[in-house]
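Report on one structure; see the data block that follows.
Values quoted throughout were computed directly from the atomic coordinates according to the rules given, and no laboratory measurement underlies them. On a predicted model such as this, the values are computed, not experimentally measured, just so you know. Positions of Cβ are backbone-derived with ideal geometry, glycine not excepted, and every protein chain shown enters the neighbour counts.
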Amino acid sequence: MVTPAGLVVLTDRRSAARPLTEVVAAAIRGGAAWVILREKDLPYGERAALAAELRSLLPPGRLIVAGPDPLGGTAVHLAAADPVPSGVPLVGRSWHGHEELSGVDYVTVSPVFPTASKPGYGPPLSAAGAAALGAPVPWLALGGVDSAVRARDCGRAGANGIAVMGAVMRAADPEAVTRELAEAFFSGASASPAAADVTSAAGVVAR
């Protein structure tokens, strides 16, 4: 099972500095190999059409849809209390150290750092604190990963990837920001025993 790794972009069209598909395309050029589609407030048809459009920008299977319905795809990311849907090959979950993970392939752990997208959300764990939770499946560091230093810390701590929203969505140059964060993450991960698995799953070569 290939699970998300490297830099994973979460969408937020309301904070995007440009049309969402343009921002995502730029992030992919910058090294993002996975995308999690949020936008849960959209009508079903519009969200399904957006999923299809974003899916066309990525390798097969690399678009993950937030919520239990994969919108014609093969991957979902669940909230902490969502039931695991049947027949979906790749299932992720937001995890805080205690939620049931039966049937789950990967988790996001948050907030790792203070985050401008959710002021006051926390307390922040730190990269080492997130690692200390001991996720039994591959984990992505989520929350406030908005600098090279923070991205590198997550790699060193053993995260399989970093899940980034605001830093990419709000960027004037999302391609450059994505590249900086991805390269910093892989720089930190290069010292981790899991580094080879991370770079393979991300579909990129660490620099």
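Could you tell me whether the range 69-90 includes any residue that is crowded, with 17+ Cβ neighbours inside 10 Å, acidic (Asp, Glu) and within 25 Å of SER15 (Cα to Cα)? The answer is no, given that none of the residues of the range 69-90 is crowded, with 17+ Cβ neighbours inside 10 Å, acidic (Asp, Glu) and within 25 Å of SER15 (Cα to Cα). Restricted to the range 1-47, and to residues there that are in contact (Cβ under 8 Å) with a residue 60 or more places away in the chain and polar (S, T, N, Q), the residue that is surrounded by the fewest Cβ atoms within 10 Å (Cβ to Cβ) is SER15. Number of residues in the range 109-129 that are in contact with a Phe, Trp or Tyr (Cβ under 9 Å, 6 or more places away or on another chain), more than 18 Å from ALA80 (Cβ to Cβ) and part of a loop (DSSP other than H, G, I, E, B): the value is 2. Taking the range 138-179 as the range and being surrounded by fewer than 24 Cβ atoms within 10 Å (Cβ to Cβ), in contact (Cβ under 8 Å) with a residue 40 or more places away in the chain and in a helix (DSSP H, G or I) as the test, the residues that pass are GLY166, GLU175, ALA176, VAL177, ARG179.
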